[in-house]
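I have placed the structure first, in the form of structure tokens, so that the comments after it can refer back to it.
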Amino acid sequence: MEKTIISEGRTTNEAIEKGLKELNVAKSRVDIKVLESDDKRSFFSILAPRVVKVQLTLKEKEEPKKAEIKRKREVEYTEEEQKTAKNNLENFMKDFVTKLPENTTYSIECTHTGVNVKIENSNLGFLIGHRGETLYAMQNIMATIASKGLERKIRVILDIEGYKAKREKTLEELAEKIAKTVVRTRKSIKLEPMQAYERKIIHTKLQSNPRVETNSIGEEPYRRIVVSYKRKEI
């Protein structure tokens, strides 16, 4: 059954964005119809608050083909690719670290599955950002830099001040707390949108819990986890 909502905003784009967040889907997953446009304003209404209304209707989701739902095969990089990626990142980091607080250090480690970059200092919170948003943005940039001159993109894992280890512990504690609440109330709990890396931590932590189950819903970047009570089969 199709789902339709009406969303409002000061501009068409703002109304659409609000609607997408409410539906928790990407723009490609909806049909959009402007009901009241911001360009249909008369001289007498120019001082009135601007309100744009749009109608968003979820498109019918196609069933994925079996080939599409198979787990992706782990990518392995050659020694030559690892060497090129490390050289690219070394050239970048030598200059980048000079712009960071004094005594900042870094390390670059290459493996057959990608490159691990660590940056250390006690005053790099601005590079981490709210819930790691800046860190993940930098990680994507570094992946592009590492891949320069190569035919495929190199996977880069960036960690700053041990943030990911601390975040992993926080998420594991959150997972246990949420699981206990779900078991007690027998009601599902929807978590806030998370990075794929963070969702994996939640899934892994709770996969051995016989009383709850986890599922990911929504489209990136609003994809989130739902923790549900696992009812006993009769």
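The values are calculated or read from the model by the stated rules, or taken from the named source; none is laboratory data. Note that this is a predicted model, so its numbers are computed, not measured. Please note: Cβ atoms are built from the backbone with ideal geometry, for glycine as well, and neighbour counts cover all protein chains shown.
Below are the figures for this structure:
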{"item": "Residue list for the stretch 160-174, restricted to those being touching a residue at least 40 places away in the same chain (Cβ under 8 Å) and among the aliphatic types (A, V, I, L, M)", "result": "160"}
{"item": "Residue match in the stretch 57-69 (condition: closer than 30 Å to residue 149 by Cα, modelled with pLDDT under 85 and either among the aliphatic types (A, V, I, L, M) or not assigned by TED's automatic domain parsing to the domain that holds residue 114 (or both))", "result": "yes"}
{"item": "Number of positions in the stretch 199-224 that are touching a residue at least 60 places away in the same chain (Cβ under 8 Å) and either in a helix (DSSP H, G or I) or of a type in the set (Ser, Thr, Tyr) (or both)", "result": "1"}
{"item": "Unmet requirement for residue 126, which otherwise passes all of (1) free of Cβ contacts under 8 Å to residues at least 40 places away in the same chain; (2) assigned by TED's automatic domain parsing to the domain that holds residue 219; (3) of a type in the set (A, V, I, L, M, F, W, C)", "result": "(2)"}
{"item": "Number of positions in the stretch 1-26 that are touching a residue at least 60 places away in the same chain (Cβ under 8 Å) and surrounded by 14 or more Cβ atoms within 10 Å (Cβ to Cβ)", "result": "4"}
{"item": "Test: residue in the stretch 176-186 that is assigned to a loop (DSSP other than H, G, I, E, B), without any contact (Cβ under 8 Å) to a residue 60 or more places away in the chain and within 29 Å of residue 19 (Cβ to Cβ)", "result": "no"}
{"item": "Test for residue 157: is it of a type in the set (Val, Ile, Thr), in contact with a strand residue (DSSP E or B) (Cβ under 9 Å, 6 or more places away or on another chain), in contact (Cβ under 8 Å) with a residue 12 or more places away in the chain and under 30 Å from residue 119 (Cβ atoms)", "result": "yes"}
{"item": "Hits in the stretch 78-108 (condition: more than 24 Å from residue 126 (Cβ to Cβ), surrounded by 12 or more Cβ atoms within 10 Å (Cβ to Cβ) and not hydroxyl-bearing (Ser, Thr, Tyr))", "result": "81, 82, 83, 85, 86, 87, 88"}
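Yes/no per residue for (1) closer than 21 Å to residue 79 by Cα; (2) part of a helix (DSSP H, G or I); (3) in contact with a Pro (Cβ under 7 Å, 6 or more places away or on another chain); (4) modelled with pLDDT under 95:
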| site | (1), (2), (3), (4) |
| --- | --- |
| 118 | yes, no, no, no |
| 123 | no, no, yes, yes |
| 126 | no, yes, no, yes |
| 131 | no, yes, no, yes |
| 134 | no, yes, no, yes |
| 137 | no, yes, no, yes |
| 142 | yes, yes, no, no |
| 145 | yes, yes, no, no |
| 151 | yes, no, no, yes |
